[in-house]
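*Asks:* I have a structure here, written as structure tokens, and I will follow up with some questions on it.
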Amino acid sequence: MQSIPCNTCSNSEFKPLFSKASPKGEVFQIVECKHCKLVQVNPQPSIEEVSKYYEDSYFTQRTDRGYDNYYSEETKKEIARVFNLNLQDLGFPDWERLLGSEKSALDVGCAAGYFLDYLKGKNWKTKGLDIASGPVQFAKEKLGLDVEQKDFLTWDPDGKEKFDLVTLWASIEHLHHPKETLQKILKHLKPGGRMILSTCRYGVLAKYLGPKWRYLNVPEHLYYYSLPGIISLGNELGYIPLGHISYGSGLTAKKGSGIFYKTSKKFADWAVKKFDQGDMMAVCFGISR
């Protein structure tokens, strides 16, 4: 465990919020930067220490995340459905049509490659990177995708590989160096390219629920961005915010749930999306060159 400066603003003064225990019983401190307000785990465990939480059971026994087996066809279809909804809400199809037939995408933190597979079905040339061996093996052997088990920050350091689209789907909160990752993505975007990221949102629901918030999965999740925070960081680095959505009320789908729960979930999900208060967010950025 190491106390580190805030990744966004380099400030070293933090306001303690609360502590949270991991599934292995280790206790982590959740703090807020006094300067930029970024909520984070600090002191922070090393990459090696966190890696033990990414054993393959993380992808096969994630009932607390809403599914039992990440590699199942059912899960793949559900994730593709969410991708499609996010992209529609962000106006992606209109931009995609402008690209013509030659279009390329890089997914950073691609896991089993489900987004790459989704794009491949739409005639994109795709590339994926992830540090977890199980998902990478699945993506390559089962889906036939171009995926490498690599740390993005050490991959292609000169930025020779260029893409129309770079994505970070539910990845930035896991990274030890999120700001540096966003800086490096700029090297890999073609002129007129776009970057899309999704992440859990530290907003009204997170503040109300505190340690009980569903996305406080420590230490896998190290950073918890607010919507203004991630847009401000993008602006600082040279991105142009083009649009965002938020969704998710915290009421997860439950097998065998009654009509009252289903109705309540449907209304709550509609309300947080309507009033832009969901605890997940997806943001689309362009670049200034």
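The values are calculated or read from the model by the stated rules, or taken from the named source; none is laboratory data. Computed from a predicted structure; not experimentally measured. Cβ atoms come from the backbone with ideal geometry, glycine included; neighbour counts cover every protein chain shown. Remember, those area values only see protein heavy atoms, side chains included, never the ligands or the DNA or RNA. Shrake-Rupley method; radii C 1.70, N 1.55, O 1.52, S 1.80 Å.
*Asks:* Which of rounded, prolate, oblate describes the stretch 153-203, given a ≥ b ≥ c as roots of the alpha-carbon gyration tensor eigenvalues and a/c under 1.5 marking rounded, otherwise prolate only if a/b is larger than b/c?
*Replies:* oblate
*Asks:* Now a separate question. Do any GluC sites (Glu not before Pro) in the stretch 79-141 lie in a loop, going by DSSP, with at most 12 other beta-carbon atoms within 10 Å of their beta carbon, and if so which?
*Replies:* In loop regions of the stretch 79-141 (DSSP not H, G, I, E or B), the sparsely surrounded GluC sites (Glu not before Pro) are Glu102.
*Asks:* Could I ask something else about it? When each pair of different Cα atoms in the stretch 106-205 is counted once in the 1/r mean, what is the Kirkwood radius in angstroms, to one decimal?
*Replies:* 13.9 Å
*Asks:* While we're on this one: For His35 and Glu141, FRET efficiency with R0 = 45 Å and r from the beta-carbon atoms, rounded to 0.05?
*Replies:* That pair, Glu141 with His35, gives E of 0.45.
*Asks:* Also, I was wondering about something else. Mind giving me the nanometre distance, one decimal, between the label points for Glu48 and Leu98, set 7 Å out from Cα along Cα→Cβ?
*Replies:* With each label placed 7 Å out from Cα toward Cβ, I get 4.8 nm.
*Asks:* Rounded to the nearest Å, what's the spacing between the alpha carbon centres of the stretch 77-146 and the stretch 1-48? Just the number, please.
*Replies:* Going from one Cα centre to the other spans 31 Å.
*Asks:* Mind checking the dipole of the stretch 14-287: about its Cα centre, +1 per Lys or Arg Cβ, -1 per Asp or Glu Cβ, Debye to the nearest 20?
*Replies:* Result for the stretch 14-287 is approximately 860 debye, rounded to the nearest 20.
*Asks:* Also: List the trypsin sites (Lys or Arg not before Pro) within the stretch 153-194 that DSSP assigns to loop and that have no more than 15 neighbouring Cβ atoms inside 10 Å.
*Replies:* In loop regions of the stretch 153-194 (DSSP not H, G, I, E or B), the sparsely surrounded trypsin sites (Lys or Arg not before Pro) are Lys160, Lys162.
*Asks:* While we're on this one: Which entry in (i) 14.9; (ii) 16.0; (iii) 13.3 is this structure's computed mean projected area of the Cα convex hull in nm²?
*Replies:* Read-out from the structure maps to (i).
*Asks:* What accessible area per residue comes out for the stretch 204-289, rounded to a whole number of Å², with a 1.4 Å probe?
*Replies:* 53 Å²
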